[in-house]
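For reference, the structure discussed in these notes is given below.
Here, each number is a calculation from the coordinates, and none is a lab measurement. Predicted model, so just to flag it, every value in this text is computed and none were measured. Because the Cβ atoms are built from the backbone with ideal geometry, glycine has one as well, and the counts that use them run over all protein chains shown.
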Amino acid sequence: MNREKLNFLLKTVECKLPYYIDDVLKDSAEEPSYSAIYTSNLIECVIEILSCFGEDISFHDYKSYISFSGFSKADVKLFEYKRTIELESHLDKQISMYSKRKLKRYHE
């Protein structure tokens, strides 16, 4: 893989992450327009790529990355809260879909 191209993508994503984090923090917890899960997954990818490049980094997960990026402890807690709500919502939807499929098969 071309390291220069991967580094270009990495830097592009890194420039956008503070905006994504801020969007999640300002967004509604009940009806979000921005995904905390998507953002945390992007952060985890950045961390993994930086680690593979042998970069000396001061963060090891999305929470420490958010903090390292200048956000407050309260922001980190709020981000985690919104991420948890989103995860629970996705889990509820998956369980509901599974139950409906199971019921459909039962009635066939």
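Residues being among the aliphatic types (A, V, I, L, M) and surrounded by fewer than 16 Cβ atoms within 10 Å (Cβ to Cβ): count how many of those fall in segment 8-36.
Final tally of qualifying residues: 3.
Right, Lys5: within 17 Å of the chain's Cα centre (by Cα), among the basic types (Lys, Arg) and exposed (fewer than 13 other Cβ atoms within 10 Å of the Cβ) or not?
no
Taking the residues in segment 40-56 that are in contact (Cβ under 8 Å) with a residue 40 or more places away in the chain and within 27 Å of Thr84 (Cα to Cα) as candidates, determine which candidate is nearest to the chain's Cα centre (by Cα). Working first, answer last.
So the first thing to find is which residues in segment 40-56 are in contact (Cβ under 8 Å) with a residue 40 or more places away in the chain, and the list is 40, 49-50, 53.
If we keep only those that are within 27 Å of Thr84 (Cα to Cα) too, we end up with 40, 49-50.
Numbers: Ser40: 2, Ile49: 16, Leu50: 17 Å.
Taking the candidates together, the pick is Ser40.
In segment 55-66, how many residues are surrounded by fewer than 16 Cβ atoms within 10 Å (Cβ to Cβ) and either under 13 Å from Tyr20 (Cα atoms) or out of contact with any Phe, Trp or Tyr (no Cβ under 6 Å at 6 or more places or on another chain) (or both)?
Matching residues across segment 55-66 total 6.
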